[in-house]
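Notes for the one structure printed next.
Values quoted throughout were computed directly from the atomic coordinates according to the rules given, and no laboratory measurement underlies them. Worth saying up front: this structure is predicted, and the values here are computed from it rather than measured. Ideal geometry is used to build each Cβ from the backbone, glycine not excepted, and the neighbour counts take in all protein chains shown.
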Amino acid sequence: ETSKEDGRPKWDNKFQYILSCIGFAVGLGNVWRFPYLCQIHGGAKWSLCFPLGRDIALLFEGIPLLHLELALGQCLRKGSIGAWNTISPYLGGVGVGSWVVSVLVSLYYNTVLTWVMWYFINSFQEPLPWSVCPLNENRTGLNEECYESTAVNYFWYRKTLNITPDVTESGTLQWWLILCLATCWAIVYLCTIRGIETTGKAIYVTAIFPYLVLTIFLIHGLTLPGATDGLAYLFTPNLNTLKNPRVWLDAATQIFFSLSLAFGGLIAFSSYNPQKNDCEKDAVTVAIVNSMTSLYASIPVFSVLGFKATTGYWDCLDRNIISVINEFDLPEESIMRENYTAWINILNSSYPEKIAGLKLKSCDLQEFLDQSVSGTGLAFIVFTQAIILMPGSQAWAILFFIMLFSLGLSSMFGNIEGVFTPLLELQIVSKSMPKELISGIICLISFLIALCFTLGSGSYWIDIFDSYAGSLPLLVIAFFEVIGVAYVYKMKRFSKDVRWMTGRKLNLYWHITWRFISPLLLLIVFVAFVVLQIQKSPSYAAWNPKYEGFPMKEEKVYPPWVVSICVLLAVLPGVFIPLVALFHLIKRMRRSKDPR
């Protein structure tokens, strides 16, 4: 047992610690990744797997790993690198891998916060900048690129990202994004300037405020026309989709990534706890809150998406109705949305050539509901387009982007702590150097590296970071975490530690999951993930105004040198595990040969 006065910072109270863990786990993915997965798998075609695949992953993968990390940090009172070096020097690479992932993910998260800040600033303009197309250079008409797509797409791809048509074309640095990026890192610095001593205060706002905004959106969203269609889309099951293995894989990986496991931040957070603390209860609490948040966030999101789909469906009908009325010289309001189908059937039976000549669009509500956009697109394209249609759109936009910023900032606290704590413990920097200076150096270096994401090709690289740096490495690290505790540190010893901390004996559930089920499930998910990845060439969707199918995105294959970077990002964190083990093995062999 460590001494009570070991000089290590401590949480002000238990609630602050739980909020920090929840804030780290509940991130932007809960707002856009889970709803996106719901949408691409057809609403409840996915949500029917929620009590099946996702709960299986939560019970046998998520909660056991969460408990393991919280118990490990609390017991050893060290960050990721220090904790795994204590377990065994041969496992030091697990901590190094977590540290590398935290660095990479921090760059990703703060770039997304940069985009959020840019939208937040523009939310104060009336009308909203993404609601109207600008004039062309000659001011004789609308901008052609905007006219061919939409004002929302134009603002995102041109006015925000100024995106290049290919990942190989870097483009120029965007000054507005540089300013927003610098501001975001300055805010992160101020909040993390003294580690948990400052983030512990900020978390009361950044972790609680998003729930308040989600509730406001929930109440307002349910009053919008089409909200019931969106919710019906979410909760109406389709058993056929259960045959698709991708649904089950996404269910398993979603719960794993949404809990922020294997980043090192949770180990760092729990290391500031008193050793006599019920880490088992903490793990279950954080896991349940995180899962319920994903479902809770989906209700207002799908209410708004239902509203957007219904509005688009009505606009489609209205355009067709106007065309038919003008063609047949019918009285105004003779054809309404309610009787449109009946009129078309009658006119088509009598005047089929005329109806065919009108080239009426096919208006199907289901097609509008099926339109999905992944990740950032859900927030910056789909949701912003829906906000434009709401009464008082400016206020809703401001609320929405403050919520996103709070969610991202809470996650950043955990990532920065995962970077900050090991640096202090390993004494890489002098003890005389103040924390404020160390935090400042970390944020400054991160800002300089992240400048590459403000280039015209920056969003393509952010997608690469999201797809490769924050997926496969986490599975590898988590697998060795479980193996390290269960078979290197030994379950008997770890059980005694947990019993001493919590005051009760570990039940059979923890023994079975840590020893057998969790490593096996992680191995299965890892193999399935790799198999799915190698079945297709790595590709991306490019925004290219010169593409013949524009405004549809052009599907392109990554060039070999970009694929090499993708592989590097996927392999880099995990490669430290065998390298560090090999280093210590060689070191041990040299010592055994040298009698001195």
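Along the charge dipole of the stretch 134-181, pointing to its positive end and built from +1/-1 on Cβ of Lys, Arg, Asp and Glu, which listed residue (Asn138, Trp176, Ala151) has its Cα farthest out?
The Cα lying farthest towards the positive end belongs to Trp176.
What are the equivalent ellipsoid semi-axes of the stretch 144-206, built from the alpha-carbon gyration tensor (square roots of five times its eigenvalues), in whole angstrom, biggest first? Kindly include the intermediate steps, with their values, before the conclusion.
Values: eigenvalues 252, 44, 16 Å².
One finds semi-axes of 35, 15, 9 Å for the stretch 144-206.
Name the shape class, rounded, prolate or oblate, that the alpha-carbon gyration tensor gives for the stretch 177-230, where a ≥ b ≥ c are the square roots of its eigenvalues, rounded holds for a/c under 1.5, and otherwise prolate holds if a/b is larger than b/c and oblate otherwise.
Numbers: a/c = 5.68, a/b = 2.04, b/c = 2.79.
Oblate is the answer for the stretch 177-230, as a/c is 1.5 or above yet b/c matches or exceeds a/b.
Debye calculation, C-alpha points only, no solvent: report log10 I(q)/I(0) for the stretch 417-490 at q = 0.11, 0.13, 0.28 Å⁻¹, in the same order as the q values.
Each listed q corresponds, in turn, to -0.50, -0.67, -1.13.
Could you compute how fast the stretch 376-420 diffuses translationally, taking Rh as the Kirkwood radius over C-alpha pairs and applying Stokes-Einstein at 10 °C with viscosity 1.306 mPa s? Give it in µm² per second.
Working: Rh = 11.8 Å.
It diffuses with D of about 134 µm²/s by this estimate.
Got a sec to turn the phi values of the stretch 506-517 into Karplus ³J(HN,Hα) couplings, 6.51 cos²θ - 1.76 cosθ + 1.60 with θ = phi - 60°, whole Hz, x for Gly and Pro?
Along the stretch 506-517, the couplings run 5, 7, 4, 4, 5, 4, 5, 5, 5, 7, 10, 5 Hz.
Show log10 I(q)/I(0) for the stretch 537-596 at q = 0.16, 0.25, 0.29 Å⁻¹, two decimals, from a solvent-free Debye sum over equal Cα scatterers.
Listed by q, the Debye log ratios stand at -0.70, -0.97, -1.06.
Can you give the three extents of the C-alpha atoms in the stretch 304-380 along their principal axes, from longest to shortest, in whole Å?
That works out to 47, 23, 17 Å along the principal axes.
Just report the Cα centroid separation between the stretch 497-537 and the stretch 390-422, whole Å.
Between the Cα centre of the stretch 497-537 and that of the stretch 390-422, the gap is 30 Å.
What's the lysine pair count for the stretch 446-596 at a Cα cut-off below 16 Å, pairs eight or more apart or interchain?
Details: Lys490/Lys505; Lys492/Lys505; Lys496/Lys505; Lys536/Lys556; Lys546/Lys556.
For the stretch 446-596, the number of qualifying lysine pairs is 5.
Computed over the Cα atoms of the chain, what is the convex hull's projected area averaged over all directions, in nm²?
Details: hull surface 127.0 nm².
Spelled out: convex hull of the Cα atoms, projected over all directions, averaged, 31.8 nm².
Please turn the phi angles of the stretch 208-224 into ³J(HN,Hα) values with the Karplus equation 6.51 cos²θ - 1.76 cosθ + 1.60 (θ = phi - 60°), one per residue in order, whole Hz, x for glycine and proline.
Per residue, the Karplus-derived 3J(HN,Hα) values read 8, 4, x, 5, 5, 5, 4, 5, 4, 5, 4, 4, 5, x, 5, 8, 7 Hz.
Quick one: helix 340-350 against the long Cα principal axis of the chain, what's the angle to the nearest 10°, folded into 0 to 90?
On a 0 to 90 degree scale, this one is about 50.
With the Cα gyration tensor of the stretch 345-466 giving a ≥ b ≥ c as the square roots of its eigenvalues, does the rule (a/c under 1.5 for rounded; else a/b larger than b/c for prolate; else oblate) give rounded, prolate or oblate? Numbers along the way, then the final one.
Numbers: a/c = 4.40, a/b = 3.15, b/c = 1.40.
Note, shape of the stretch 345-466 comes out prolate.
With viscosity set to 0.890 mPa s and temperature to 25 °C, compute the Stokes-Einstein D of the stretch 93-210, Rh being the Kirkwood radius across alpha carbon pairs; µm²/s, no decimals.
On the way: Rh = 17.2 Å.
Reported coefficient: 142 µm²/s.
What percentages make up the Cα-Cα pair-distance distribution of the stretch 475-534 when the bins are 10 Å wide from 0?
For the stretch 475-534, the pair-distance distribution reads 22, 44, 23, 9, 2.
Using a 10 Å cut-off on Cβ atoms, rank the peptides 29-35, 193-199, 411-417 from the highest mean neighbour count down. Please list the in-between numbers first.
Numbers: 29-35: 24.6, 193-199: 19.9, 411-417: 27.4.
Answer by packing, highest mean first, reads 411-417, 29-35, 193-199.
Sorted from largest down, give the three principal axis spans of the alpha carbons of the stretch 456-596, whole angstrom values.
Rounded to whole Å, the extents work out to 67, 46, 27 Å.
Given the peptides 463-473, 219-229, arrange them by the average over their residues of other C-beta atoms within 10 Å, most packed first. If you can, show how the numbers build up before the last one.
Working: 463-473: 20.1, 219-229: 17.4.
In decreasing order of mean packing, 463-473, 219-229 become 463-473, 219-229.
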